[in-house]
Amino acid sequence: MHAVHQLEEDAGAPLIASPLPQTSGLSIARRTSDINLIKMTASASDIAEIIARSIAAIIGVGPGTGRAVSLRFAREGFSVALVGRTASKSKSIEDEIKSIPSFQGKVASFSADVTQESSLRKAFSDIREQLGDPEVLVYNASGFARGGILDLKTADVEGALRSSTLGALISVQEVLPAQVKNKKGTVIFTGATASKKGSAGFAGFAIGKWGLRALAESTAREFGPQGVHVSHVIIDGVIDVENKDIDGRIDPEGIADTYWHLHSQHPSAWTFELELRPYREKW
Ligand SMILES: NC(=O)c1ccc[n+]([C@@H]2O[C@H](COP(=O)([O-])OP(=O)(O)OC[C@H]3O[C@@H](n4cnc5c(N)ncnc54)[C@H](OP(=O)(O)O)[C@@H]3O)[C@@H](O)[C@H]2O)c1
């Protein structure tokens, strides 16, 4: 670590008073300034190989946020695991990632339903076997039960809760042991307006999203001190899922930029929660 500190001083960056939670050569490459340090001492192919060993698992991959975040981490050199129920959806994103000229990592799709514990645990077991332990987990799947309080069916609400919250609990249980062992990891949960607001007619969504936020907070408090950065991002607006550049909607690329930034943050200044909304959103 001393050599790293010395290099930082040489590069004009302030010395870090206490050691970073990460200690391996690979783990110090998570910040831009660290990558610049490694560039001073390693060849381009070494750097590409180091970063390609990092794996991001995106749970809930569709054309909006899931696609944009997967592409963003792939462009940054990560290997990517895409998890969803529909193979054709993730396959087309897999093909897009493979066509990124600079992409040197691996990408693979895993079919799973997050509401089914055995299905989701099997997906993580396959991810570990085919790609390795995820350094980054983005939990993006969610469920919605329609109706007012008097109309809600308990089975539908249970399904929403399983998608939005229990699937997230299972997912963090699958990735945290290796992240703690490696002393590095990022977990990002995708929230919504309903994460903090139970609107009339939206209980069947808000119950799951509030639960997700509670899970995020508890996970951050328990695992932050063990070197895992946990964030919850409230998406307060309508996402431009079809990427039609609709003014007043949230561009998924903007969300992906934010997720990459969260992953790249210095451990002495981690963000737990962010709210993203379009400039025109009334709130
Ligand atoms: N869209 C919005 O306007 C909006 C606004 C605020 C917040 N959000 C939140 O943002 C996140 C991403 O939304 P998005 O619209 O951009 O979606 P997206 O990333 O384009 O796609 C999410 C994907 O999750 C997968 N998924 C859903 N249920 C699943 C299940 N039970 N098991 C496995 N995969 C499942 C679906 O794919 P399969 O059908 O193939 O499984 C879906 O395409 C969600 O958490 C959502 O609540 C969305």
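One equal scatterer on each Cα of region 165-283, no solvent, Debye formula: the resulting log10 I(q)/I(0) at q = 0.17, 0.23 Å⁻¹ is -0.90, -1.32. Put in line by how crowded their Cβ is, counting other Cβ atoms within 10 Å and starting with the fewest, S88, S125, S119 read S88, S125, S119. Peptides 110-117, 69-76 ranked from most to least packed by the mean count of surrounding Cβ atoms within 10 Å: 69-76, 110-117. Sorted ascending by nearby beta carbons within 10 Å, beginning with the fewest, D126, D245, D240 become D245, D126, D240. Here the 3J(HN,Hα) profile of region 174-188, calculated from phi with Karplus coefficients 6.51, -1.76 and 1.60 at θ = phi - 60°, is 6, 9, 4, x, 6, 5, 5, 4, 7, 6, 7, x, 10, 10, 10 Hz, Gly and Pro shown as x.
Can you tell me how region 54-190 classifies by the Cα gyration tensor, rounded, prolate or oblate, using a/c under 1.5 as the rounded cut? Here region 54-190 falls in the prolate category.
Would you work out if region 225-283 is rounded, prolate or oblate? Take a ≥ b ≥ c from the square roots of the eigenvalues of the alpha-carbon gyration tensor; rounded if a/c is under 1.5, else prolate when a/b is larger than b/c, oblate otherwise. Since a/c reaches 1.5 and a/b is larger than b/c, the shape of region 225-283 is classed as prolate.
Read-outs: derived from the displayed coordinates by stated rules, not from any lab. Being a predicted model, the structure only gives us computed values, none of them experimental. Methodologically, a virtual Cβ is constructed for each residue, glycine included, from the backbone with ideal geometry; neighbour enumeration extends over all protein chains shown.
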